[in-house]
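None of the figures in this text is laboratory data; all of them are computed from the coordinates on show. What you see is a predicted model, and the numbers here were worked out from it, not measured in a lab. Neighbour counts are summed over all protein chains in view; Cβ atoms, including those assigned to glycine, are modelled from backbone coordinates with ideal geometry.
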């Protein structure tokens, strides 16, 4: 791939610095991952910008994580944006001090509170919705990270937050392992009808069979996202190093280039570069 690109979904972590309980059962990736490791993975790919997305350290360390990545960015200028953790379920008033602290870090462009591991209705709690509604005050977007069966809650959340810029991580984590398309397909179409929602083409292969997925097997999910959101509201994400559970860094981006070969050069530039730059308001580089 010769296109310059921005990776809208990258994680770094240091288990000796911060605590990541979820890594305990994943020995393959339960180790240090830093920008130098990503550089080695990317090789001669033209990676020109990185958006770091919070890596689910324990909640009380979320601010420290954003500060640590801000420090990493001093030596790695391609880190142009941070999506930081925020305990939004505590409500608007309780969240404001945390959000103010994040706003002091120039690279923080958005926040994420993982929904994927929570029960039904978590994202629809009045306190959670109220806190999400305050994000534009701080200039923050919200990354929606859910599993496919939570799309109904995501739709109801977005409907209550018309002034918030949302991006759906990992295509909404469809059941690609069993090649199930519906009702994911219909709910994605409904979500894409909201003009303030974009979608990351990321994290798909880890929802498929890690050992036996094929390009052809996952292409229907990619095609539907591209058709539903259009070329102006999709962005590439590597989801590295989580993606290493199912593929290499290079193989995922080459798979996405293959799957979107029908786009024009201008549309591919939007997917792999411009849309991430615009959505996250990236200014460095």
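Structural remarks
- Within segment 153-172, tally of residues that are surrounded by fewer than 18 Cβ atoms within 10 Å (Cβ to Cβ) and over 19 Å from residue 102 (Cβ atoms): 5
Matching residues to (1) farther than 24 Å from residue 152 by Cβ; (2) under 18 Å from the mean Cα position of the chain (by Cα):
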position	(1), (2)
51	yes, yes
58	yes, no
73	yes, no
92	no, no
124	no, no
134	no, no
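Residue by residue, here is whether (1) surrounded by fewer than 17 Cβ atoms within 10 Å (Cβ to Cβ); (2) touching a residue at least 40 places away in the same chain (Cβ under 8 Å); (3) assigned to a loop (DSSP other than H, G, I, E, B) holds:
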{"position": "1", "(1), (2), (3)": "yes, yes, yes"}
{"position": "8", "(1), (2), (3)": "no, yes, no"}
{"position": "40", "(1), (2), (3)": "yes, no, no"}
{"position": "82", "(1), (2), (3)": "no, no, no"}
{"position": "94", "(1), (2), (3)": "yes, no, no"}
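- Unique residue being touching a strand residue (DSSP E or B) at 6+ places or on another chain (Cβ under 9 Å) and on the phi > 0 side of the Ramachandran plot when the list is 14, 56, 7: 56
- Taking the numbered list (1) part of a loop (DSSP other than H, G, I, E, B); (2) in contact with a strand residue (DSSP E or B) (Cβ under 8 Å, 6 or more places away or on another chain) in turn, residue 277 passes all entries but (1).
- Index of the failed condition, residue 71 passing every other in (1) in contact (Cβ under 8 Å) with a residue 24 or more places away in the chain; (2) part of a helix (DSSP H, G or I); (3) farther than 22 Å from residue 269 by Cα: (1)
- Members of segment 245-256 found to be assigned to a helix (DSSP H, G or I) and either surrounded by fewer than 18 Cβ atoms within 10 Å (Cβ to Cβ) or on the phi > 0 side of the Ramachandran plot (or both), listed by number: 245, 250, 251, 254
- Some residue of segment 12-28 being in contact (Cβ under 8 Å) with a residue 12 or more places away in the chain, more than 24 Å from residue 272 (Cβ to Cβ), in contact with a helix residue (DSSP H, G or I) (Cβ under 6 Å, 6 or more places away or on another chain) and surrounded by fewer than 19 Cβ atoms within 10 Å (Cβ to Cβ): yes
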